[in-house]
Amino acid sequence: MSLVIGKLLQPNYLVSLLFCCLLVNPLSGQQQKANVRMIADARDGEIRLRWAPIDLKNWEIGNQYGYRLWRTDQANGQEIILSENLLPAPVEAWKPVVDTIPYAGLYAAALYDEDSWTAKLSDGATGTPEDQKNIDKSRFGLALLSADQFWEVSLLAGLGYADKNIKPDGQYIYHLSLLPLSTNDGNQISVSVDAEYRVNLPKPASLEAEWENGEVKLSLDQALTTAFYTTYSVEKAIGDGPFFQVNTAPLVYFEREGYNDPNLYFTDSLLNNTTIHHYRFVGRSPFGIDGPPSDTVSGYGVPPPIPYYARIEELRPGPEGTDPPTAYLAWSVPEVAEDQIVGFNVYATLGGPNDSLFLINPALLLAQRRTYTITDPVPNYNYLVSIVDVNGNRVDGVSKLLRIYDKEPPVPPVGLTGTIDSNGVVNLKWPRNLDNDLSGYRVYRTNGREGEPIEITRDVVHAEQYQDTITMNTLSDTAYYAIRAIDFTGNYSDFSQLAALSRPDLNPPIPPVIKAISGSTEGVRIEWTGSASQDAVTFQLQRKVTTDTSFQSIADFPARPAEYLDSTTARGQSYHYRLLAIDDAGLSAPGRPATAIHLDNGVRAPILEFTARRQTESGAIKLNWQCASARKPSFFQILRSENGGPLQTIRNLKFDDPGLIKSTGKRYAFQDRAVKPRATYVYRIVGRFLGGAFTPMSPEVRVD
């Protein structure tokens, strides 16, 4: 096995590809913790299961010891063992399918052909342990990739199972364990499946075709359906004939490093260029199920361009004094090509191999034309004549330079703007000059409005942007730039208006000082001074508790002296505060922190809706109330007076007291059975909290 294979495939490929979308419900987060991943798909009469180990080590354990698979019927809790030990098929079972099922041979070789997976150098020497490690990773990745392409391969590999003994409306939980159980932590994975649920496979989308001479190039955006399909096939129909598959092996998408291209590509030859051809893609799921075909693309091959071009015979300036100026262009074509020409176009270009072509004529010139008058030609530009042949192809001729002496300079550029970043990098930009003979621009810099601009460009700038670098270690806050346009004859325009660019502020503002801070039962009150920096625009108040690692913003204020009551604090909690000053450049600096405590008077939210009523049958008095406090009290203190006597505590109801009746919405009840039939009672209640906090005593309720 060549060491090149070691870099062919990342070992996590199948695990990430196959399980990018779970078609069932993983239980209790096991998909993230287990050494295997499993998914399922319910179909008529069967449920198919697919699983894969997460790495090379667990794959080798599964190959040696196998997997245990069982299911639980959610209707009655009955468990059925589906397989005590699922192992890869022996080598004899693979031999009949190697030539009939693509990728079967690859998985069989990964299992049984050890010599092919030994790291060897080009001279036959044994590779390093790191080389062998890379080979083993690729062996694992390629094996799982092959199992992912064909359902039959996954069954032979011991990575798939079809449960046909199911109820049409059954709901099951499938469990899979990697053996041996005693040596594998996190070896079990479970998924729940509804036999009635069907995953509707979508048709592949965004199929496009480029028709060329004798072939077509197809592209499919597989990212739109990657959650459902692992491979694709291409089907073709010629004329009115039926569709048939044209790819001999499944199409698999591999993301190339450094490329962000989600498309899957396929090139096919055409029968001829005159018969219509139809193409479509079909996706296949990890369970071997084909989805619906994509929309069809249809077209014809495009014949090649004719092997002839238009030759310029004459290109010269028109008569002097003509307004606007003109140029005369004449060309010829071989006589044999005349009946293969639909018309001509004239283009202007700078003449370089990568320079753009600019169409001159407003409409296609007739095939009989051999001359053209260019209006307002661009001096020192190249011109060429292009043939449009009967098949719609464009055939460009050889360009020729038009020489015109020009004395008129370009107009001065306008709209120059720019920015300077904190590193002194200057980015300039401006609108394009409209001169038709524009060659480019020159850039100039000066330190003052009255200074002489100094050119900083060595070559002509062709784009409407330029980058410069200046020092930031200077007393000057502003740098000035100007540009000039230049034409192909070498004429310079006047200077543009100066662009004044401000150097960025690198010094943060001086933060304000917290001059007073105090805690109360209402919260924490903070008072601060202003900032000595004139460019400070905002003060940001920040807060944290002692256990926090960083401050969090709680409010923003204008940059001036002020005070603020923080009422969002918790009683008894100590807080650290600081103020951040932010200037108009976005720079900021924090002030020194100050600390205060939100005082706690111990009073909590009151008891609500406290009522008492004597029960007709039992004679007991039932108390009902609602606790409005955000936290539960430690216990409820029930107080009672009898026939006008003093209030006395009759019960401290803790939450584990069987006498406390709990209801929804923090509602509670208690039945006082130690009462006399004709006595009058008055009740009150108090909630008591750990640490001494309490609710206000409830209003009295009276029961006669």
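The values are calculated or read from the model by the stated rules, or taken from the named source; none is laboratory data. Because the structure is a prediction, the values reported are computed rather than measured. With ideal geometry, Cβ positions are generated from the backbone for all residues, glycine too; neighbour counts draw on all protein chains shown. With ligands, DNA and RNA removed, areas are computed over all heavy atoms of the protein, side chains included. Shrake-Rupley method; radii C 1.70, N 1.55, O 1.52, S 1.80 Å.
If R0 is 30 Å, the Cβ-Cβ spacing of LEU224 and ASP55 corresponds to a FRET efficiency of close to 0.50. Once both labels are positioned 7 Å from their Cα atoms along Cα-to-Cβ, the gap between THR680 and VAL97 label points is 9.2 nm. With only the Cα atoms considered, the chain has a convex hull volume of 362 Å³ per residue. Relative to the current alpha-carbon distance between ALA585 and ASN354, full extension at 0.36 nm per residue lengthens the span by 78.9 nm. Karplus-based coupling profile of segment 298-314, in residue order and whole Hz: 10, x, 10, x, 9, x, x, x, 5, x, 10, 9, 7, 9, 6, 9, 8, with θ = phi - 60° in 6.51 cos²θ - 1.76 cosθ + 1.60 and x standing for Gly or Pro.
Quick one: compute the contact order of segment 231-387, relative version, from alpha carbon pairs under 8 angstrom and 6+ residues apart, as a percent. Can you show the working numbers first?
Details: 255 pairs, mean separation 27.7, N = 157.
The value is 18 percent.
In the chain, helices alone account for a calculated mean residue ellipticity at 222 nm of -2500 deg cm²/dmol, with every DSSP H run of four or more residues adding -39,500 (n - 2.57). Solvent exposure of the chain, expressed per residue, is 53 Å² of accessible area, with all protein chains present and a 1.4 angstrom probe. Between PHE495 and ASP556, the modelled label-to-label distance comes to 4.0 nm, taking each label 7 Å out from Cα in the direction of the beta carbon.
If you stretched the chain out fully between LYS429 and GLU563, how much longer would it get, using 0.36 nm times the residue separation minus the C-alpha to C-alpha distance?
Details: separation 134, 0.36 × 134 = 48.24 nm, distance 4.60 nm.
Fully extending the segment from LYS429 to GLU563 adds 43.6 nm.
Can you spot the lysines whose alpha carbon is less than 30 Å from LYS133's alpha carbon? Ignore those fewer than 8 places along the same chain. Excluding near neighbours in sequence, the set is LYS7, LYS33, LYS57, LYS95, LYS120.
Look at the alpha carbon pairs under 8 Å that are at least 6 residues apart: their mean separation over the length of the chain gives a relative contact order of 7 percent. Which pairs, out of LYS632/LYS662; LYS203/LYS236; LYS400/LYS429; LYS164/LYS203; LYS164/LYS236, put more than 24 Å between their alpha-carbon atoms? Flagged as over cut-off: LYS400/LYS429; LYS164/LYS203; LYS164/LYS236. Take every pair of alpha-carbon atoms less than 8 Å apart whose residues are at least six positions apart; their mean separation over the length of segment 519-617 yields a relative contact order of 33 percent.
Using a simple spin-label model with pseudo-atoms 7 Å out from Cα toward Cβ, ALA363 and LYS544 lie 7.6 nm apart.
Between SER269 and THR469, residue separation times 0.36 nm minus the direct Cα-Cα distance comes to 66.6 nm.
Report the chymotrypsin sites (Phe, Trp or Tyr not before Pro) located in segment 321-422 that are in a DSSP loop and have at most 13 other Cβ atoms inside 10 Å of their Cβ, or state none. Numbers along the way, then the final one.
Values: sites: TYR328, TRP331, PHE344, TYR347, PHE358, TYR372, TYR381, TYR383, TYR405; in loops: TYR381, TYR405.
Within segment 321-422, the qualifying chymotrypsin sites (Phe, Trp or Tyr not before Pro) (loop, at most 13 other Cβ atoms within 10 Å) are TYR405.
With all protein chains present, how much of the accessible area of the chain (probe radius 1.4 Å) comes from carbon and sulfur, to the nearest whole percent? Taking all protein chains in place, the chain shows 49 percent carbon and sulfur surface.
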